[in-house]
Amino acid sequence: MRTASDSDFGAVSATCSLLSSLTVPYWIIGGWAIDLAAGRVTRDHADVDVMMLERDKHALGSDLTGVDVEPAGTLGPGRLVLHSDRLPLPTDVFLSRATGTSLVYRRGAHSITRALAGITPTEIASRTSLLR
């Protein structure tokens, strides 16, 4: 398994560069999102996690070139893996549901709804935009 242990955000930058042609929003999530918020790489990473809206997954096929999109297998429905020579690490895509302009997160019998406009803190968004 490949990992990123360097002290920079090269793997995230490569993912953002690859996804820059998407015509739909996406968000860096997971461990890399924590590192972006901290302003430093805090641990080794085996992949880059990205969240997209389930209704926008068509854009992975129509907007991207040179990218293999595969179901994530044992990770369950709603997850895809991107592979490309331009990515130093695999990119896991988590597909989230939305209703209108709200993100809907469901786990078991519980759900959380939040406005899409409110899920990207400005400070972190500015750090991520520097990677693109």
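We did not get these values from a lab; they are worked out from the coordinates using the rules stated. Everything numeric here is computed off the predicted structure, so don't read it as measured data. All Cβ positions, even for glycine, are placed from backbone atoms using ideal geometry, and neighbour counts span all protein chains on display.
Modelled label positions at Ala98 and Thr65, each set 7 Å beyond Cα in the direction of Cβ, lie 2.6 nm from each other. The fewest-to-most ranking of Ser21, Ser96, Ser102 by surrounding Cβ atoms within 10 Å reads Ser21, Ser102, Ser96. Label-to-label distance, Ile119 versus Thr23, with points set 7 angstrom from Cα along the beta-carbon direction: 2.1 nm.
Relative to the Cα centre, what is the charge dipole magnitude of the stretch 10-96, using +1 at the beta carbon of each Lys and Arg, -1 at the beta carbon of each Asp and Glu, and rounding to the nearest 20 debye?
160 debye
The per residue volume of the convex hull around the alpha-carbon atoms of the stretch 31-103 is 119 Å³.
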